[in-house]
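Written out below as structure tokens is the structure these notes cover.
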Amino acid sequence: MKLTHLALTALTALALSGCAKSDKPNLILHVFECGHVEVSDISIFSPGVDEGVTKHLTNSCYLIQHEKGKLIWDTGLPDAMAGNPGEAFGGKLKLTVTNPLSKQLAEINVNPADIDYLGLSHFHGDHTGNANLFKNAALLIQQAEYDAAFGENPAQFGFNPASYDQINKEKINILDGDYDVFGDGSVVVKTAPGHTPGHQVLFVNLAETGPVVLSGDLYHFTKNREHKRVPSFNFDKEQTLAAMDVIEQFVDAEGAQFWIQHDLEQNKTIKHSPEFYK
Ligand SMILES: [Zn+2]
């Protein structure tokens, strides 16, 4: 009895000292490079600006580990593209994968079957490429994106259903706006429509690093963020501009870092897996 009491006292003291350091949940965030996009005419992303100018974009995926579960945010270009480059936009985008996501997850001993939540910013093919790897995960998707991706004509929105046809249909979690994934405010899906009908971004509040917002394709690179330029192929320009305003106000209010998932230069300054943020 005495030992048990001592052990409990020690545990309580430990727990309390843990709390004193930070009241935020302990999250771990890994960043993965999930492909590369060589754009021969960047004005696709900034109508009327930099016509014919080449630009290289990266393509990022993320793993967030919370004590209540693991969430993948975006899944990149398909691993099958490794050694087998692709293209899009009539050849204006050259797509390559050098380091498959499944290999990067294996490196940190994470099995795709153990992922609980599949958060996709939207359903373009450079974000759904490896969605089918996560067969046990609950998809977090806005109603409008669901209607587009699983409706009559996904191709009309630029979606490729074969890239997500093995997502677990039993577990689809259709969202109507912002969604607090673990119920403690540490990981929140934020609605940001316009790029696609139900585009969304992710807020992650890390105990040591502080708050970070993962951009989805709200912008593809920093210059577009600075000038609020809307790509020619976005679903709805006005909706996109409104979402930019809402998210920028949120980023300011939270004092959050804003990580642009396709921005090659910014990503060079961000630690990639197997290193991580907490
Ligand atoms: Zn996109």
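No lab work stands behind these numbers, since they all come straight from the coordinates. A quick note: this is a predicted structure, and the numbers were derived from the prediction, not measured. No Cβ is skipped: glycine too gets one built from the backbone with ideal geometry, and neighbour counts run over all protein chains shown.
Rg and Dmax, both from the Cα atoms of the chain and both in Å, are 19.6, 77.
Centre-to-centre, using Cα atoms only, region 77-114 and region 212-226 are separated by 21 Å.
Count neighbours as other Cβ atoms within 10 Å of each site's Cβ, and list the chymotrypsin sites (Phe, Trp or Tyr not before Pro) in region 108-144 that are DSSP loop with at most 11 such neighbours.
Here no loop site has a sparse enough neighbourhood.
Enter the angle in degrees (range 0 to 90, nearest 10) between the Cα long axis of helix 2-21 and the first principal axis of the Cα atoms of the chain, meaning the one along which they spread out most. Result, in degrees: 40.
Of the GluC sites (Glu not before Pro) found in region 90-166, the ones in coil according to DSSP and having at most 16 other Cβ atoms within 10 Å of their Cβ are Glu152.
Here r is the Cβ-Cβ distance between Ala242 and Lys103 and R0 is 41 Å; the resulting FRET efficiency, rounded to 0.05, is 0.55. Mean residue ellipticity at 222 nm, helices only, the chain: -7000 deg cm²/dmol; runs of at least 4 DSSP H residues each add -39,500 (n - 2.57), and the sum is divided by the number of residues. The GluC sites (Glu not before Pro) found in region 221-278 that occupy coil by DSSP, while having at most 15 further C-beta atoms within 10 Å, are Glu275. In the chain, taking the dipole from charged Cβ atoms about the Cα centre, the farthest positive-side position among His56, Asn99, His195 is held by Asn99. The value of relative contact order for region 25-267, using C-alpha pairs under 8 Å at least six residues apart, is 18 percent. Residues considered: Val213, Val189, Val246. Largest GNM mean-square fluctuation over the chain, using C-alpha springs under 10 Å, is found at Val246.
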